[in-house]
Amino acid sequence: MSNAILDNLNASSSSFSTGKFLTFTLADEFYGVEVLKIREIIRMQKITPVPQMPSHVKGVINLRGKVIPVIDLRVKFNLPTMEATERTCIIVVDVDSGQGINSLLGLVVDAVEEVLNITPEEVEPSPDFGTHLSSECCIGIAKVKDSVKTLLDIEKVVSAELSGELSQF
């Protein structure tokens with residue numbers, strides 16, 4: 001991998017050098033989020049809807065006395081919806097909501113897979129398919145164990161929610 005690509009990967013995420021990613025599935029595709037952004041993984045639970053929110057914002061949950069907004073990543077990524085299964089869970093991430101303030105946010109995913117140590121040599125830049133997700137929200141594409149995993153910059157994925165609709169939570 002060229003130094004320019006490595007520099008781009010490192011610029012995309014300041015903590016990429018840790019190389020640890022929690023992988024999960026959405027619609028039979030694999031994604032990864034940096035472990036340092038993960039607060040916890042919880043079972044699917046009742047989500048209280050909030051009126052006048054975008055369709056991908058499922059509502060809020062009460063996590064030990066703290067109200068946390070929940071986003072359905074399937075809907076956010078325009079993937080087909082499906083009913084929750086016993087493997088469906090909520091990944092609680094700790095993301096920078098601006099001005100150095102961190103916020104907790106729940107992400108509904110189909111299933112959590114594993115934590116992988118991904119080296120920069122296993123990552124290629126994400127191809128530009130002309131979509132918002134590929135160009136801004138991906139750190140890169142990892143080739144691990146005969147599969148491909150899209151590595152997400154989760155703060156960029158949820159940046160609209162953090163700067164707008166969900167900033168009151």
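So here's what we get for this one:
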read-out	value
Verdict on V95 being over 19 Å from Y31 (Cα atoms), in contact (Cβ under 8 Å) with a residue 60 or more places away in the chain and touching a strand residue (DSSP E or B) at 6+ places or on another chain (Cβ under 8 Å)	no
Counted residues, the stretch 63-97 - those being within 17 Å of the chain's Cα centre (by Cα) and among the small types (G, A, S)	1
Some residue of the stretch 125-139 being of a type outside the set (V, I, T), farther than 26 Å from T81 by Cβ and at pLDDT 80 or above	yes
Meets criteria (closer than 22 Å to G140 by Cβ and modelled with pLDDT under 95) for N102	no
Residue within the stretch 105-112 that is closer than 15 Å to D153 by Cβ, assigned to a strand (DSSP E or B) and aliphatic (A, V, I, L, M) present	yes
Qualifying residue in the stretch 147-163 (condition: modelled with pLDDT of 75 or more and exposed (fewer than 13 other Cβ atoms within 10 Å of the Cβ))	yes
Residue among E86, E114 that alone is in contact with a Ser or Thr (Cβ under 9 Å, 6 or more places away or on another chain), surrounded by fewer than 17 Cβ atoms within 10 Å (Cβ to Cβ) and modelled with pLDDT of 85 or more	E114
Given (1) outside any strand (DSSP E or B); (2) touching a residue at least 12 places away in the same chain (Cβ under 8 Å); (3) not aromatic (F, W, Y), index of the condition P69 fails	(1)
Hits in the stretch 65-87 - residues which are under 15 Å from T25 (Cβ atoms) and in contact with an Asp or Glu (Cβ under 7 Å, 6 or more places away or on another chain)	R87
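The values are calculated or read from the model by the stated rules, or taken from the named source; none is laboratory data. Bear in mind that the values here come from a model prediction, so they are computed numbers and not experimental data. Cβ sites come from the backbone with ideal geometry, for glycine too, and all protein chains shown count toward neighbours.
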